[in-house]
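Data block below; observations after.
The values are calculated or read from the model by the stated rules, or taken from the named source; none is laboratory data. Predicted model, so just to flag it, every value in this text is computed and none were measured. Positions of Cβ are generated from backbone atoms using ideal geometry, with glycine treated the same way; all protein chains shown enter the neighbour counts. Only protein heavy atoms, including side chains, enter the accessible area calculation; ligands, DNA and RNA are left aside. Shrake-Rupley method; radii C 1.70, N 1.55, O 1.52, S 1.80 Å.
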Amino acid sequence: DLAIGDTNQGGVVFYLDATGQHGFVCDFQDLGTTEWGCHDTLIPGADGTGIGNGYQNTIDIEAGCTKANTAADYCANSSVEGYSDWFLPSKEELNQIYLNKSYIDSTALSNGGAAFTNNYYWSSTESDVNFAWLQNFLNGLQTNYFKTTNVGVRAVRGF
């Protein structure tokens, strides 16, 4: 059976459903820092907050925001570990990563990856035309902030 912090299908397990057979993994390292993108533009459908909403949020961001090199763009275009279905986590998916970051960091470091920085990371959850949700990985604070701000990005995928 899988457990939080295990390696599985290209990443580190940070969430498991009730069956323990399905969930989400995050990349072993950050994809860099960039802006959320499309300031002054409301992206229809990119407001899902819950577990399981990040994938659709990312699809909606990619469809509604033509700006290159955004946080969602970094994730959607990643092919790390041979997988091409990476996405930017939703607000609650990102919080699950934060809650399990000590397990993730340990596994990532032992697999040639990197620990999370004690800075902010983007979620795929938009809050309005100028703001999207991010999370501070030093203290866990989630807040909405200007989409033009450059902060960390780490991709996730489902299994």
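How large a share of the accessible area of the chain, in percent, is made up of carbon and sulfur atoms when the probe is 1.4 Å and the other protein chains stay in place?
46 percent
Looking only at segment 12-37, which residues have a backbone nitrogen under 17 Å from a spot 7 Å from the Cα of T66 in the C-beta direction? Only 37 pass the distance filter. Result for the chain in a Gaussian network model with C-alpha springs under 10 Å: among Q142, Q96, Q21, the largest mean-square fluctuation is at Q21. Each Cα pair of segment 1-58 feeds into the Kirkwood radius, which the Stokes-Einstein equation turns, at 10 °C and 1.306 mPa s, into a diffusion coefficient of 117 µm²/s.
Unpaired Cys in the chain, meaning no second Cys C-beta under 4.7 Å: C26, C75.
Summarised as an ellipsoid, segment 98-139 has semi-axes of 26, 10, 8 Å, derived from the eigenvalues of the Cα gyration tensor scaled by 5 and square-rooted, with the largest first. Here the contact order of segment 1-59, divided by its residue count and restricted to Cα pairs under 8 Å and six or more residues apart, works out to 20 percent.
Per residue, the accessible area of the chain comes to 44 Å² when a 1.4 Å probe rolls over the protein heavy atoms. Charged neighbours of D27, selected by a Cβ distance under 9 Å, balance to 0 (K, R count +1; D, E count -1). Checking the cross-link filter: which aspartates and glutamates have an alpha carbon closer than 20 Å to that of K147, excluding same-chain neighbours under 8 positions apart? Answer for K147, where 20 Å is the Cα cut-off: D30, E35, D40, D47, D60, E62, D73, E92, E93, E126, D128, listed by chain and number.
Helical content of the chain, expressed as a calculated mean residue ellipticity at 222 nm, amounts to -6500 deg cm²/dmol (DSSP H runs of 4 or more residues, -39,500 (n - 2.57) each, divided by residue number, nearest 500). Taking a ≥ b ≥ c as the square roots of the Cα gyration tensor eigenvalues, segment 55-100 comes out oblate, since a/c reaches at least 1.5 and a/b does not exceed b/c. Here the calculated FRET efficiency for Q56 and V129, from their Cβ-Cβ distance with R0 = 22 Å, stands at 0.65, rounded to the nearest 0.05. Mean-square fluctuation check for the chain, GNM, Cα pairs under 10 Å: which of C26, C65, C75 is largest? Between C26, C65, C75, it is C65 that shows the largest mean-square fluctuation. GNM on the chain, alpha-carbon springs under 10 angstrom: the most fluctuating residue among K91, K147, K101 is K101.
In the chain, the alpha-carbon atoms span a convex hull of 91 Å³ per residue.
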